[in-house]
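I have placed the structure first, in the form of C-alpha cells, so that the comments after it can refer back to it.
The values are calculated or read from the model by the stated rules, or taken from the named source; none is laboratory data. Everything numeric here is computed off the predicted structure, so don't read it as measured data. Methodologically, a virtual Cβ is constructed for each residue, glycine included, from the backbone with ideal geometry; neighbour enumeration extends over all protein chains shown.
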Amino acid sequence: MTKKIPYAVANYEKLVRENFYFVDKTRFIRNLEEYQIPVFLRPRRFGKSLWCSILECYYDVNRADRFDELFGDTDIGREPTPLRNSRMVMRFDFSVVEVKSNVVAMEQSFNGACRDALRVFIANHQNQADFSAALDAASASDAMRLILSAVSSRKLPPSIYHNRRVR
C-alpha cells in the first residue's frame, strides 16, 4: 500500500488507518511523564494538535485493545510506559469558541464547547463511573466538578489526572 503525505491531518488514528507518512516522536512520551504540568507552546501549524491526538490514543483506557494497531511500529509501542492506556481522556477543542466583542456571547460559546466535550467524555466513559449528575449541571464548571468528583470517589484506576512528585 502506498504511503500518503499528510497535510493538515491532526488525527493520529487517521494517520495510522490511512497509511500516512509519520515521523515517530513517541519516544518523547517517556520524557513527558517526568513533568508534572506540561505546557505545549509552539507556533501555528507546528503539530500541537497531532501530538495531543497521539497522547490521547496512548493514554486513553478505551483504546487499550487497539494499542498494537496504533503504536506497534513506534518507539513507545516497543517499550511502553506503565501509564499506557490507563486514563480516561477528556478532550477540549477551543478553536470552536466564537470570539466576539460581546463577553456574554463569548462565554456562552465557551460553555457550549465545554459542555459538548464533557458530553462526549461521559458517553465514552459511562462504564467507568456514574456521571449522570453532570449531564444536568447548570454550567460547564459545575459539570466538570461533578465528573471529577465521580472519578475521585471511585478510588480505582483509571483516573483523569495523575499527580506525582518527580525528583
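Among the numbered criteria (1) outside the structural domain of L148 (by TED's automatic domain parsing); (2) over 23 Å from L32 (Cα atoms), which one does M106 miss?
Every listed condition holds for M106 apart from (1).
Across the stretch 1-24, what is the number of residues that are more than 17 Å from the chain's Cα centre (by Cα) and without any contact (Cβ under 8 Å) to a residue 40 or more places away in the chain?
Within the stretch 1-24, residues that are more than 17 Å from the chain's Cα centre (by Cα) and without any contact (Cβ under 8 Å) to a residue 40 or more places away in the chain number 15.
Check the stretch 19-31 and report whether any residue there is modelled with pLDDT under 90, outside the structural domain of V120 (by TED's automatic domain parsing) and touching a Phe, Trp or Tyr at 6+ places or on another chain (Cβ under 8 Å).
no
Please find, among A150, A143, A133, the residue that is at pLDDT 85 or above, farther than 26 Å from P38 by Cβ and not acidic (D, E).
Values: A150 fails: farther than 26 Å from P38 by Cβ; A143 fails: farther than 26 Å from P38 by Cβ.
Criteria check complete, one pass: A133.
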